[in-house]
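Worksheet for the structure shown next.
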């Protein structure tokens, strides 16, 4: 029998391999058929201009963004589940999706009509307003939950309240939009990364890498916090301070993902769960495995979203839910 | 706009043919004077280019559902919902037409071929036709259609005036929750009914959907009797879409128009479009309905 310490390493190796496999499948799959061998040629600068355009400008940015966003959202979820000591926590409870969506809808509602140079304005300002909205919502929830410190349960309850409020506002503005703007907003809200480009990747890459490493560094605090506030304080942790720092890390991670990919629900909930079932609750392994599983699921989902109904597309957020839900339910049943 | 249409030389090859700079919503675009392979990603503009006699090689799904395009989409590829840039590159276009609301996609399309972004409600449909004609050097085709259209409208107008007189007409669609009342500037045959034929809207429709707002207004079921005219063109939001029981409700059934049998079910896809081909189809349907 294998010793227990080897298991996380094996899981990591397997998920990494899966990512590599899906990476190549995704690169080769699409409306334009490019044979695997040709793909290699393009990578060595020997392909046609057209194949280069398809691979480097259309497919690769999407793939890389999928990997980054998948990892970011999943780790944000893992942090939140541990910090709030609640298995149902996910980035959405900090109002990140609702805040980001509301900001995007407000932006489209108020500025779209008057913006003259839209392609520039839209691509750069839309993600930025999403980021601002997401962070504002999280900040609001934290402030409202504050009562000589923030207890996990207050955080979640206030989160649900603020989310409901934001969603109501969202609905009001969506109903007042005209159908064209509404479509644009709807696609964004259900999560889609067809707008992926290299600028977007360079914009979020540093955040995600730095915050992932930072979270890994803080793994021991997460281990302790899972035990509950009292025990953690007893063990000498500055619970409130660490919680604030970790929350901030989770919010920033999730907000950059929301800015890049829109409201991706569910992934932040299931990826950490799957990781925990596979490797146990130690965050030194839970964090990287969550990231790997998140990347894998997101890339798989986006590959399907892009190809199943081609040339039409399914919002990637929906595919994640369809893919993730059955496995998630299976895991929960097995746990009982 | 663009400094176009000099000589009408026969451009032989689509690539490397004469180009000129056209001022579009996404900036100045170098486009071919005589485009040979156009992908129209903005579904509403398909019929405009067809009317101008331009070869369209790709168009979104909706176009293929429009009953008025029957027999007019041969050789045109379905590009789906209009998000797949790969499908577009596959068609090897020399001009791409998109809506500004297609947003981030435009940057990628520009790498495939000259891309003209159009703001969908900036011009009314006649102005838009003239603009596209100017852009593609096909003014003669536009003039010809407009002359034909004016004649058709004039003929229909006398017939309809005789049958309808000063009675009011409404255009309504429902998505199952709200009822949308359309004015003259948001498709659904509005421009024909209120502008070309000069028919009357109800007082509230005029106030809320014509004199203000984007060209339509959404109302709840209770408000229906206040907005409804003597004749109603009605339909669900999409073909086969849910009408939420609006057309079964007692409020609906008690409308004068319904009691008198003056309700006409329009095709929601066919009436979504505002291009010359669809306008002709709509005019025919409207004339037939109102003079029955």
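Based on what the data block shows, is residue A:49 free of Cβ contacts under 8 Å to residues at least 40 places away in the same chain, within 14 Å of another protein chain (Cβ to nearest Cβ) and out of contact with any helix residue (DSSP H, G or I) (no Cβ under 7 Å at 6 or more places or on another chain)? Write out each step before concluding.
Working: free of Cβ contacts under 8 Å to residues at least 40 places away in the same chain: yes; within 14 Å of another protein chain (Cβ to nearest Cβ): yes; out of contact with any helix residue (DSSP H, G or I) (no Cβ under 7 Å at 6 or more places or on another chain): yes.
So residue A:49 fits the description; yes.
Take the residues of the range B:48-63 that are more than 13 Å from chain A (Cβ to nearest Cβ), in contact with a strand residue (DSSP E or B) (Cβ under 9 Å, 6 or more places away or on another chain) and assigned to a helix (DSSP H, G or I): which is surrounded by the fewest Cβ atoms within 10 Å (Cβ to Cβ)? Talk me through it step by step, then tell me what you get.
Quick first cut of the range B:48-63, residues more than 13 Å from chain A (Cβ to nearest Cβ) only: B:48-57, B:63.
If we keep only those that are in contact with a strand residue (DSSP E or B) (Cβ under 9 Å, 6 or more places away or on another chain) too, we end up with B:48-50, B:54-57, B:63.
Subsequent filtering for residues that are assigned to a helix (DSSP H, G or I) retains B:48-50, B:63.
On the way: B:48: 29, B:49: 23, B:50: 21, B:63: 25.
Within the range B:48-63, the match that is surrounded by the fewest Cβ atoms within 10 Å (Cβ to Cβ) is B:50.
When residue B:209 is evaluated against the numbered criteria (1) within 14 Å of chain A (Cβ to nearest Cβ); (2) out of contact with any helix residue (DSSP H, G or I) (no Cβ under 8 Å at 6 or more places or on another chain); (3) assigned to a loop (DSSP other than H, G, I, E, B), which criterion, by number, is the only one it fails?
Every condition holds for residue B:209 apart from (3).
So that you can scan it fast, the table gives a plain yes or no per residue for (1) out of contact with any helix residue (DSSP H, G or I) (no Cβ under 8 Å at 6 or more places or on another chain); (2) surrounded by 20 or more Cβ atoms within 10 Å (Cβ to Cβ); (3) assigned to a helix (DSSP H, G or I); (4) at negative phi:
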| site | (1), (2), (3), (4) |
| --- | --- |
| A:227 | yes, no, no, yes |
| A:236 | yes, no, no, no |
| A:240 | yes, no, yes, yes |
| A:247 | no, yes, yes, yes |
| A:253 | no, yes, yes, yes |
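Suppose we filter A:264, A:293 for residues that are buried (at least 24 other Cβ atoms within 10 Å of the Cβ), touching a residue at least 24 places away in the same chain (Cβ under 8 Å), out of contact with any strand residue (DSSP E or B) (no Cβ under 9 Å at 6 or more places or on another chain) and not in a loop (DSSP other than H, G, I, E, B); which single one remains?
None of the others qualify; the one that does is A:293.
Return yes or no: is residue A:89 assigned to a helix (DSSP H, G or I) and modelled with pLDDT of 80 or more? Full working, then the answer.
Details: assigned to a helix (DSSP H, G or I): no; modelled with pLDDT of 80 or more: yes.
Considered against the rule, which asks whether it is assigned to a helix (DSSP H, G or I) and modelled with pLDDT of 80 or more, residue A:89 comes out as no.
Looking at residue A:291, is it modelled with pLDDT of 90 or more and under 15 Å from the mean Cα position of the chain (by Cα)? Can you show your working first?
Values: modelled with pLDDT of 90 or more: yes; under 15 Å from the mean Cα position of the chain (by Cα): yes.
It is true that residue A:291 is modelled with pLDDT of 90 or more and under 15 Å from the mean Cα position of the chain (by Cα).
Scan the helices (runs of 4 or more DSSP H) fully inside the range B:103-184 and keep the ones with 2 or more residues being surrounded by 14 or more Cβ atoms within 10 Å (Cβ to Cβ) and either over 22 Å from the mean Cα position of the chain (by Cα) or within 11 Å of chain A (Cβ to nearest Cβ) (or both). I'd like the intermediate steps shown before the answer.
Numbers: elements: B:105-112, B:125-136, B:139-164.
It comes to B:105-112, B:139-164.
Pull out all pairs, ordered by first then second residue, where Cβ-Cβ is under 9 Å, the residues are six or more apart or on different chains, the first lies in the range A:303-315 and is within 7 Å of chain B (Cβ to nearest Cβ) and buried (at least 23 other Cβ atoms within 10 Å of the Cβ), and the second is modelled with pLDDT of 85 or more and assigned to a loop (DSSP other than H, G, I, E, B).
A:311/B:79; A:311/B:80
Looking only at the range B:64-81, count how many residues are in contact with a strand residue (DSSP E or B) (Cβ under 8 Å, 6 or more places away or on another chain) and either in a loop (DSSP other than H, G, I, E, B) or surrounded by 21 or more Cβ atoms within 10 Å (Cβ to Cβ) (or both).
If we filter the range B:64-81 for residues that are in contact with a strand residue (DSSP E or B) (Cβ under 8 Å, 6 or more places away or on another chain), which is where we start, we get B:64, B:73, B:75-79.
Still in the running and either in a loop (DSSP other than H, G, I, E, B) or surrounded by 21 or more Cβ atoms within 10 Å (Cβ to Cβ) (or both): B:73, B:75-76, B:79.
Summing the residues that are in contact with a strand residue (DSSP E or B) (Cβ under 8 Å, 6 or more places away or on another chain) and either in a loop (DSSP other than H, G, I, E, B) or surrounded by 21 or more Cβ atoms within 10 Å (Cβ to Cβ) (or both) in the range B:64-81 gives 4.
Identify, by number, the condition in (1) under 29 Å from residue B:192 (Cα atoms); (2) within 8 Å of chain A (Cβ to nearest Cβ); (3) touching a strand residue (DSSP E or B) at 6+ places or on another chain (Cβ under 9 Å) that residue B:97 doesn't meet.
(2)
Here is a yes/no grid of residues against (1) part of a helix (DSSP H, G or I); (2) within 14 Å of another protein chain (Cβ to nearest Cβ); (3) surrounded by 15 or more Cβ atoms within 10 Å (Cβ to Cβ):
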{"position": "A:22", "(1), (2), (3)": "yes, no, yes"}
{"position": "A:27", "(1), (2), (3)": "yes, yes, yes"}
{"position": "A:33", "(1), (2), (3)": "no, yes, no"}
{"position": "A:37", "(1), (2), (3)": "yes, no, no"}
{"position": "A:77", "(1), (2), (3)": "yes, no, yes"}
{"position": "A:80", "(1), (2), (3)": "yes, no, yes"}
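Checking the structure you have, find out if any residue of the range A:179-194 is modelled with pLDDT of 75 or more and within 14 Å of another protein chain (Cβ to nearest Cβ). Quick ask: steps written out before the conclusion?
Taking the range A:179-194 first, the residues modelled with pLDDT of 75 or more are none.
No, every residue in the range A:179-194 fails to be modelled with pLDDT of 75 or more and within 14 Å of another protein chain (Cβ to nearest Cβ).
Which residues, counting only those in the range B:131-160, are in contact (Cβ under 8 Å) with a residue 12 or more places away in the chain and closer than 25 Å to residue B:210 by Cα?
Going residue by residue through the range B:131-160, those that are in contact (Cβ under 8 Å) with a residue 12 or more places away in the chain are B:131-139, B:141-142, B:145-146, B:149, B:152-153, B:156-157, B:159-160.
Selection gives B:131, B:146, B:149, B:152, B:153, B:156, B:157, B:159, B:160.
Inspect all residues belonging to the range B:235-253 and state whether any of them is modelled with pLDDT of 85 or more, closer than 13 Å to residue B:170 by Cα, under 24 Å from the mean Cα position of the chain (by Cα) and not in a helix (DSSP H, G or I).
no
Look at residue A:281 and say whether it is assigned to a helix (DSSP H, G or I), surrounded by fewer than 24 Cβ atoms within 10 Å (Cβ to Cβ) and more than 14 Å from chain B (Cβ to nearest Cβ). Walk me through it before giving the result.
Details: assigned to a helix (DSSP H, G or I): no; surrounded by fewer than 24 Cβ atoms within 10 Å (Cβ to Cβ): yes; more than 14 Å from chain B (Cβ to nearest Cβ): yes.
Spelling it out, it is not the case that residue A:281 is assigned to a helix (DSSP H, G or I), surrounded by fewer than 24 Cβ atoms within 10 Å (Cβ to Cβ) and more than 14 Å from chain B (Cβ to nearest Cβ).
Being buried (at least 21 other Cβ atoms within 10 Å of the Cβ) and within 10 Å of chain B (Cβ to nearest Cβ) is the filter here, so list the residues in the range A:52-75 that pass it.
Result: A:54, A:58, A:59.
The values are calculated or read from the model by the stated rules, or taken from the named source; none is laboratory data. Computed from a prediction, not measured in an experiment: that's the story for all the values here. Every residue, glycine as well, gets a Cβ built from its backbone with ideal geometry; the counts of neighbours run over all protein chains shown.
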